[in-house]
Amino acid sequence: MKRIFEIDPWKLTSHTFSKEDKRLQESMTSIGNEYMGLRGNFEEGYSGDSLQGTYYAGVWFPDKTRVGWWKNGYPDYFGKTLNAPSFIDLPVTINGHKLDLATDKISDFSLSLDMHQGLLTRSFIYEGKDCRVQFTFTRFLSSVIKEAALIKVKATVLSGEADLQIASHLNGNVVNEDSNYEEGFWDALNEDANGRSIQLRTKPNNFGTPQFTVLLKEVTREDGEVISGDVTTASGEVSELFAKTLTNGQSWELEKDVIVITSRDVADEEQAARADELMAKLTSKTFAQNLADHEAVWDKRWASCDVTIDGDPAAQQGIRFNILQLFMTYYGRDPRLNIGPKGFTGEKYGGATYWDTEAFIVPMYLAVAPKEVTKSLLEYRHEQLPGAFHNARQQGLKGALFPMVTFNGIECHNEWEITFEEIHRNADIPFAIYQYTRYTGDDSYVKDEGMDVLVSTARFWADRVHFSKRKGQYMIHGVTGPNEYENNVNNNWFTNTMAKWLLGYTLERWLQGTQIDPLLATEAAKKRLQVTDEELAKWQDIVDRMYLPEDKELGIFVQHDTYLDKDLRSKDTIPADQLPLNQHWSWDKILRSPFIKQADVLQGIYFLNDHYTKEEKERNYDFYEPMTVHESSLSPSIHAILAAELGKQDKAVEFYERTARLDLDNYNNDTVDGLHITSMSGSWLAIVQGFAGMRYNEDGISFAPFLPKKWSSYSFKINYRGRILALEVEKDKEVKLTLLSGEDLPVKVWDQEVILKEGQSQCLKD
């Protein structure tokens, strides 16, 4: 655990510049606006150790994957997000010396990320031989004009005289740190000195995936007025140089406005004109005015999603940081996009979409954003069904197999155990349809497009199982469950359970929609899918006879067939200097160990919570948690929720603190690579589903709150079936419920049921 930023409810601030923690700072001060994002790199450049990173949503490249001939069906390529052309560069020269914090003497350093709106500010004093100059850099990515970035630099001479040169630079000569031999992925197309723009295209590939063209345009303003400097160009670069001599007490402020256009939205030949149009719109307002417009968007978001915590400033900072980063990554404005595990904060995991979105993001977004945001996530998967059919054919199987890792629906990871063993995602992803339908009460999606997803994945599972004549049950061999510290196991309980659930839910929806109430499935869906009676009978037989490993003596669900044959022992037996395991043990040693990376059996109990008794939950929690090392960022939140439900309040709070401050305190010693974006919903889930005990089904919503010992109170708002509901939990188990807007709403709190009316509050006590 390492904490490098001060505790503040609305800011991340540090007054210390540590070269050793430079990458950590960069990760934590990443910003984005759904369309693009970047790490907290320094505008003036930095010659020391750094991870330079600028990323454009949906822009990626298929890197060649080579494997042995014996792995038929292996993906042809490894999809990866690209370090994109940089637009923040503002190299500074002072009296002929290039400013570089890696080598220069500085004082009064400050770095601050304002979480109200994602405004990043950095200041310091350059201590030169012949002058002292204070620099302040400010930047944000607009939530109003998604293609716009605004950067401001102010230089003030505190003593002496300074001949200053500042270059406004666009740089397309970038590489990915994870590429081989510093291989580049961008070809320069055009540098326009007059238009202050560059245009580049991703290099050709042999896999039939799209090439992407991007255009970057910059304008520099002084005191709000556009100014011109000396322009130079090089291949993939354009730079405009400005100079001024300042003496003691004088200041100079420049604003750099940037527009970024990609071929995802605008054809190559139209990009320059579109950039001109957007730049005119951007420069029609001042930096302050554009910032105010941007803040207004964020004010509206925070009004519906903020969680307040009194009595624990670190916990408060943690959850707001996580919400900020999530919403800077995705807010549903583009259904072609999804949420990668690192978002716009690093190269790790290739920037692709995983099952994390449906399992961990959807439950939060359902409650804190308009339902259309979650609907966009459902549509994203539906649009990629052709790729899912391809994935299944690669394995010689029927139906559709959603990818573990993807940009376009086609599996693009380079580890077999991830790509075609970790197939539980083919039930986890459709599970989002179930969650959406239960929470919103809107079944329009499941009747039509959702039925495509359910039936297609059901057909996959029906083909992927096999029937054991010896046991008279259906089984699923050769899989990897959520616990990725075990590969190629047989009958992973979670996988079998979720496959059974998927088939059962599909049967329920299809049979109801065709035989009981025709309105539950559209005629178009029935016509498209042509489900036969033979299929329905097969699915039902699998549901009835699915093998789910269980140990009656221990009273637990068994993670997989041979798990109990391992050397079972608590993680407390692992020497502290050998943690985390993934940074100290060989892969072989990890696979043979009993230690669990993340919730596996407990993940299934969390998903299908109302299927199990409290006693079943407790026995499984008490058995598996001691062996879980939580080396996946996704793990603590699930354990926090279950611990809270089981009355293990101290453990629930411990897990909340871990998920809320996973990156801020660098729990897993890997935040240098980027933030854990898709696990950031875990802090919200831990509070709302854990501490507040929120549960919902077709019949309504309920809560069973408790207040952590060191908290004075907490509160949050949710959007539930068109109502805005506020809940506040205070000392002495007092709960205040307020229906801020919407029709009357029945709510159950503990064993008490109340009817809430718009504008009225009710206070309850356990």
### Message
Using a 7 Å offset from Cα along Cα-Cβ at K566, what residues in the range 596-624 end up with backbone N under 17 Å from the label point?
### Response
596-604, 620-624
### Task
Return the ratio Rg/(2.2 N^0.38 Å) for the range 132-203, where Rg is computed over Cα atoms only.
1.55
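What full-extension length gain, to one decimal in nm, is calculated for N490 and L646 as 0.36 nm per residue of separation minus the Cα-Cα distance? Spell out each step's value before the answer.
Numbers: separation 156, 0.36 × 156 = 56.16 nm, distance 2.98 nm.
In short, 53.2 nm is gained.
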### Message
Need one word for the range 174-321: rounded, prolate or oblate. Basis is the Cα gyration tensor (sqrt eigenvalues a ≥ b ≥ c); a/c below 1.5 gives rounded, then a/b vs b/c decides.
### Response
oblate
### Task
Please work out the C-alpha center-to-center distance from the range 302-335 to the range 215-254 and express it in whole Å.
36 Å
## Note on the structure
PRE zone check, label point 7 Å out along Cα-to-Cβ of E253, amide N under 18 Å, scope the range 271-294, hits 283-294
### Task
Starting with the highest mean, order 414-423, 11-20, 140-149, 527-536 by the number of other Cβ atoms within 10 Å, averaged over the residues of each peptide.
140-149, 414-423, 11-20, 527-536
### Message
From the C-alpha coordinates alone, can you work out the Kirkwood hydrodynamic radius of the range 28-291, in Å?
### Response
19.6 Å
#### Entry: Tilt relative to the chain, helix 449-464 - C-alpha long axis, 0 to 90 degrees, to 10
60 degrees
### Query
Sorted by average packing, counted as other Cβ atoms within 10 angstrom per residue and highest first, what order do 166-173, 721-728, 639-646 take?
639-646, 166-173, 721-728
### Task
Taking the chain as the reference, fit the longest principal axis to its C-alpha atoms, fit the long axis of helix 385-394 to the helix C-alpha atoms, and give the angle between the two in degrees, 0 to 90, nearest 10.
70 degrees
### For the range 257-295 versus the range 354-430, the gap between their alpha-carbon centres in whole angstrom
33 Å
### Query
Once the other residues with Cβ under 15 Å from the Cβ of S304 are scored (Lys, Arg +1; Asp, Glu -1), what is the net sum?
+4
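What's the extension gain from A292 to E269 if we count 0.36 nm per residue and subtract their Cα-Cα distance? Can you show the working numbers first?
Numbers: separation 23, 0.36 × 23 = 8.28 nm, distance 3.30 nm.
Fully extending the segment from A292 to E269 adds 5.0 nm.
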### Task
Output the relative contact order of the chain, whole-number percent, from Cα pairs under 8 angstrom with separation of 6+ residues.
12 percent
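Explain nothing, just the number: relative contact order of the range 28-291, from Cα pairs under 8 Å at least 6 residues apart, as a whole percent.
On the way: 598 pairs, mean separation 45.1, N = 264.
Reported relative contact order: 17 percent.
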### Query
So what is the diffusion coefficient of the chain in µm² per second by Stokes-Einstein at 25 °C and 0.890 mPa s, using a Kirkwood Rh over Cα pairs?
89 µm²/s
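If packing is taken as the mean number of other Cβ atoms within 10 Å per residue, what is the order of 438-445, 677-684, 747-754, highest first? Mind dumping the intermediate values first?
On the way: 438-445: 16.8, 677-684: 28.0, 747-754: 14.6.
Averaged packing, sorted descending, gives the order 677-684, 438-445, 747-754.
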### Message
I'd like the FRET efficiency for S713 and H611, computed as 1/(1 + (r/R0)^6) with the beta carbon distance as r and R0 of 25 Å, rounded to 0.05.
### Response
0.15
### Task
Report the antiparallel proportion of the DSSP beta bridges in the chain as a percent, rounded to a multiple of 5.
95 percent
### Folded to 0 to 90 degrees: helix 635-645 orientation relative to the chain principal axis, Cα
50 degrees
### Query
Excluding E728 itself, what net charge comes from residues whose Cβ is under 15 Å from its Cβ, given Lys and Arg +1 and Asp and Glu -1?
-1
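Set the Förster distance to 25 Å, then compute FRET efficiency between Q530 and R721 from the Cβ-Cβ distance, nearest 0.05. Spell out each step's value before the answer.
On the way: r = 34 Å, r/R0 = 1.35.
FRET efficiency, Q530 to R721: 0.15.
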### Message
Given the -39500 (n - 2.57) contribution per DSSP H run of 4+ residues, what per-residue ellipticity at 222 nm results for the chain, rounded to the nearest 500 deg cm²/dmol?
### Response
-8500 deg cm²/dmol
### Task
Give the order of T283, T573, T353 when sorted by the count of other beta carbons within 10 angstrom, beginning with the fewest.
T573, T283, T353
### Message
Within 11 Å, Cβ to Cβ, of A292, how many net charges do the neighbouring residues add up to if Lys/Arg are +1 and Asp/Glu are -1?
### Response
-2
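Quick note: the coordinates plus some simple rules give every number you see, no bench work behind them. If you're wondering where the values come from, they're calculated on a predicted model, not measured in any experiment. Here Cβ is always computed from backbone atoms with ideal geometry, including for glycine, and neighbour counts include all displayed protein chains.
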